[in-house]
Every structure is written in structure tokens, then in C-alpha cells.
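Have a look at the structure below before the remarks.
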Amino acid sequence: MTPAIEIREVHKRFASLHALRGVSLRVEPGEFFALLGPNGAGKTTLINILAGLSRATQGRCAVMGHDVVDDYRNARRVLGVVPQELVYDAFFTVREMLRFQSGYFGLRRNDDWIDELLHNLGLTDKAESPTRKLSGGMKRRVLVAQALVHKPPVIVLDEPTAGVDVELRQSLWAFIRRLNRDGHTIVLTTHYLEEAETLCSRIAMLKQGQVIALDSTENLLRNHGATEVRLRLNPGRLPEMLRPMLSSAEGNDFRLSLRQCGELETVMAALRAANINIDDVEVSKPDLEAVFLRIMGKPIKSH
Amino acid sequence: MSGLWTLFYKEILRFWKVSLQTILSPLVTTLLYLLIFSHVLEAHVQVYPGVGYASFLIPGLVMMAMLQNAFANSSSSLIQSKMAGNIVFLLLPPLAYWEFFAAYVAAAVVRGLVVGLGVGLAGLWFVPLTLAHPLWMALFALAGCAMLGAAGIITALWAGSYDQMAAVQNFVIMPLTFLSGVFYSIHSLPPFWQALSRYNPFFYLIDGFRYGFFGVSDVSPALGLSIVGTCFLALSLATLALLKSGYKLRN
Ligand SMILES: Nc1ncnc2c1ncn2[C@@H]1O[C@H](COP(=O)(O)OP(=O)(O)O)[C@@H](O)[C@H]1O
Ligand SMILES: [Mg+2]
């Protein structure tokens, strides 16, 4: 099957800065994919190359099999991008912007879909407002609507929830999820790792222009995640044999990180043997934030 | 085609929404020139036999207004989009670079013609005007607006700030228009300046445009139009090449 997005050995250099260092990725049709990485990792640069806003110094990209340079018109037809920057055109109303955007994609009469987009994004009563008068969150929604006017099979959202309130985030994701269920491929970047964890089936982590992890969310959590146990002990001391598991301690509170849940048995047994009581216990499942920090913390192996 | 048409329509709507600035204000400025210069010079200057100075002046002012406004339209629209970042709305869709070019130039032509027509009609109210060769007049009007529309695109592509934009407008476009014979015939200039004026493409635009009104010109209109046409072609090719390469837009 033709991949929704194929990125092969892409390099990008800005003067002295080597922003992308041989990135290769494949996103299959229908996937919900996250591109994660700290600020400056090169996520936006990669998206810009994919969208034709910038050119790769080396390497190739294709969207639904259309090369973004040689076959740029078809590549752009199948791609919808929500840019990271909160841009708008002060001259026009929301509806005007959406009509223009439809026209640029060759769609003459698109009002039914535009109305549906406005409805789904909670913009119906702002349709005739000038875009400059909208709040930041509203402007973000307009950007999403603009990216979707041509019903692109592949949708890329670059930090769509940055600076957006919780309620809007929920409704935005509900909408994007529905698009994904309808068969659209979704790629997103976000700093809210719990969003990526709940939404995305696969994740790529980028650091200093290199992909340092690429796997299903499940595998990443299983292979790099640790179960955290917080214990309040009485008396407040930890048996010697549990020391290697200790991640932090404060008064009578001890945090242990376990490779597997099974190790809980060992902990209990050791405490019982040492005659230490547990006043309080809290077990937390491995989360993506911990995995992310762990992976990012490792030094990069250079080629 | 629908992409081109939409962009053209958007560009028209853009200047129409701020017509106080984009149409009325240049109209008033140009009419002030007309009032002041014709009042001061009417009794002293006669360039063509039988043509009063005010009548002589009007076509020049109309052309000057058209050139400046055509330039202002494409250049300010594009630089604003670049600075505000909303240029991405044009870079993400499958618009071809020639559609981009054609839409901006066409909108610049419309703005130039609207302002020119306004100045011309207002001028008629002061002095009668003849139209000896309407077709020549129209051709020079179109060529002038299109040429400056393309020049506006190049300038806005190159400029990295509003300051740089304004510099081109004030140090290139304005002097070229003022020194092209709007207010005088170049025959009244010393030989050196006369020779220099012949390197100014705006001179041929004004001279040919005036020919459309009075049937008299310094240079034959056919020669003028070929020179102007060549300039337009060269500017267009340069603009298209820049747009195709993505110069300062796609990086
Ligand atoms: N146009 C540019 N010119 C020079 N450097 C740039 C440009 N765009 C991005 N960079 C640099 O490239 C690196 C990657 O940036 P970016 O892709 O925006 O990261 P991210 O989106 O992951 O935060 C950063 O160091 C940034 O400063
Ligand atoms: Mg970014």
C-alpha cells in the first residue's frame, strides 16, 4: 500500500545549523501518528518540507505517493496543514477566508462543507466576524478549518493545542478523532504528552534533527516505561535490598520505580520481613511523559 | 483556473475594503497636484501648440497615479502577507507560480485603472480633454499598470521589511515617475537630461499615453509601446523565475 507519508533520508541545513540529520519515516494510511520532541528538535522544519513551505537540502518526501517537489500540485491537494504560528489575514472574515482557501484548492462551491466545519469547530456564530477580532483559541480553530476545506486524506497539525483552553482541546480532539475514524491519516506534534498517549497509535521522537525512537505507543510504554510506586512507611526507612529501585525519598515517603508490576511482590515481601508497615500506597502506570524524559535523556549515538 | 480567479478576487476585495486609503486618498493627492500646478503654470507654459497646460498635465497625472497605485497594490499586499505570515495560505494550496503572478498583476492593473479613471474623470471637470487615439491610450495604460504590478511583486519578494519596501518606493519608483515628463515635455530639458530621460521606461509610458489624448508625442507610439512591452516582458520573466524558485517565500 502507498504510505500516507514517506520521508527518506531528509537533511536540512540552515547556514551553519544542521537542523535535520537524515530523517526517515513512514506513516501508513489511517494512522494517528505523533511527532514528539523538545523545542528546536526540527518538527516544524520537517512539516514545512512536507508541505512545500521549505525545501530539503537532501532527501525526498512524498504524500500519498506524490513527491512534494516533482509532483507538488498533487502532493498539496492531498495534504492539509495546520501551521504552528497563529497566522490570520486581518482584512477578511472567517467565511471569506474559508471560501478563498477552497478556491485556491480548485473548489468553487464548498459552502455545505464550510458550514459543517464551522459547526464542528464551534465557529458558526463567528463566521461573519473579521479574523483579527477573534481570540487566540478561535484563530487556532479557523486555522484548523482552513486546513480541512479540501477534505485532505492526510492532515498534519503542528501544536494545534498550544495556548488553547481545556474545553476547546477536548472538542478539537473529538473532531480530529472522528476524521481519523473516517479514514483520514493524522500526524500531530504536541507538548502535551498525555494527548499523544491517548490519541496516537504510533510515535516518533525527534531530538536534534534525528529520530531517536519510533514505535507503537504500547511498545514504547512497555519497553521504556516504569511502574512507579509511592509508599509511606512506618518506620520511615527502606530495607537495603530495595535501595536500587529508589527514585526519590522525602521524609517517610519513598518512590520506587519498578521494571514490571511483578516486582511489587518482592517489595511487599522485603517490607514484611523487615517489619515495616505501609501507611499509604499509590501505584501509577507508566506514562509517556516518563518515557519521553527517559529517551530524551539518553545521549544520541552518532553515525 | 479557479485558484487564479479566487486569488484575483481576494486581491480586489482587499483593496476595495480599504478604498479610502487605496482609491480616494491617491485621487485627492493627484487632484491637488492638478490644481496647484495648473494654477501656477497655466499662463506660462504651453508644451504642445493649442493645448493648455492643465490639459497637457492631466494625462501625465493620470498615468503617474496609475503607476504608483499598481505598484502599491501588489507590493503592499504581498509584503503584508509575508510579514503577517499569512502568505502560507497561498503557499500550502496547489497554486501554480504563474497563477500567483497573474492574479497579483491583474489586481494591480484593476487598482491602477480605477484610480486612473477617477483622476481622469475628475480632471474633465476642470478642463475639456480630447481622445485622439483611445486604443493607444488604453494600451499604454494597461502596459504601465501591468509593468508596475510585476515590479511591485519583485520588490515585495526581495524586501525583508516595510522599511526596505518604502525605500524602493521612495528612491526608485517616485523619482522615475516624477522625472518622466509628467509635468513637462522632455524637449524643454537640457540635452544631458533629455538623453538620460530616454533610459527611463516611465517616460515612454507617459509620452505614449499622452499621444492617445492629443495625437502628439516625443517618440512614436509604436516605438514607445515596444520599449514598454519589452520592459514588461523582462520584469515578468524575472518575477516568474523568482516565484518558481520560491525566492524568499519557500524557505
Ligand atoms: N528559517 C530558519 N533559519 C534558521 N534556522 C531555523 C529556521 N527555522 C528553524 N530553524 C532552526 O532549526 C531548528 C529546528 O527548529 P524547528 O523545526 O522549529 O523545531 P521544533 O518545531 O521541533 O520546535 C531550531 O534550532 C531552529 O532555530
Ligand atoms: Mg515547532
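The values are calculated or read from the model by the stated rules, or taken from the named source; none is laboratory data. Just so we're clear, the structure is a prediction, and the values are computed from it rather than from any experiment. Ideal geometry is used to build each Cβ from the backbone, glycine not excepted, and the neighbour counts take in all protein chains shown.
For the stretch A:95-116, the criterion of being more than 29 Å from A:ALA15 (Cα to Cα), of a type in the set (Asp, Glu), more than 28 Å from the chain's Cα centre (by Cα) and within 10 Å of another protein chain (Cβ to nearest Cβ) is met by at least one residue. Here the condition is being small (Gly, Ala, Ser) and either within 16 Å of ligand 1 (Cβ to nearest atom) or free of Cβ contacts under 8 Å to residues at least 12 places away in the same chain (or both); of A:ALA127, A:ALA56, A:ALA62, A:ALA145, it holds for A:ALA56 alone.
Given the residues A:ASP70, A:ASP112, which is the only one that is surrounded by fewer than 16 Cβ atoms within 10 Å (Cβ to Cβ), in the same structural domain as A:GLY209 (by TED's automatic domain parsing) and in a helix (DSSP H, G or I)? Write out each step before concluding.
On the way: A:ASP70 fails: in a helix (DSSP H, G or I).
Sole residue among the options that is surrounded by fewer than 16 Cβ atoms within 10 Å (Cβ to Cβ), in the same structural domain as A:GLY209 (by TED's automatic domain parsing) and in a helix (DSSP H, G or I): A:ASP112.
Of the helices (runs of 4 or more DSSP H) that lie entirely inside the stretch B:162-251, those containing 3 or more residues that are surrounded by fewer than 16 Cβ atoms within 10 Å (Cβ to Cβ) span B:162-168, B:174-178, B:191-197, B:221-245.
Looking for something crowded, with 18+ Cβ neighbours inside 10 Å and at the interface with another protein chain (Cβ under 10 Å from one of its Cβ atoms) - is there at least one such residue anywhere in the stretch A:25-48? Show your work before the answer.
In the first step, residues of the stretch A:25-48 are kept if they are crowded, with 18+ Cβ neighbours inside 10 Å; the result is A:25, A:27, A:31-37, A:41-48.
Subset that is at the interface with another protein chain (Cβ under 10 Å from one of its Cβ atoms): A:48.
Yes, there is a match, as at least one residue in the stretch A:25-48 is crowded, with 18+ Cβ neighbours inside 10 Å and at the interface with another protein chain (Cβ under 10 Å from one of its Cβ atoms).
When the stretch A:158-208 is filtered for residues that are of a type in the set (Ser, Thr, Tyr), surrounded by fewer than 17 Cβ atoms within 10 Å (Cβ to Cβ) and within 16 Å of ligand 1 (Cβ to nearest atom), only A:TYR192 remains. Under the condition of being more than 13 Å from the chain's Cα centre (by Cα) and charged (D, E, K, R), which residue from the stretch A:1-50 is nearest to ligand 1 (Cβ to nearest atom)? In this case the residue turns out to be A:LYS12.
Residue check: is B:VAL47 more than 21 Å from the chain's Cα centre (by Cα) and either assigned to a helix (DSSP H, G or I) or within 30 Å of A:THR93 (Cα to Cα) (or both)? Don't jump to the end; show me each part of the working.
Values: more than 21 Å from the chain's Cα centre (by Cα): yes; either assigned to a helix (DSSP H, G or I) or within 30 Å of A:THR93 (Cα to Cα) (or both): no.
In short, no.
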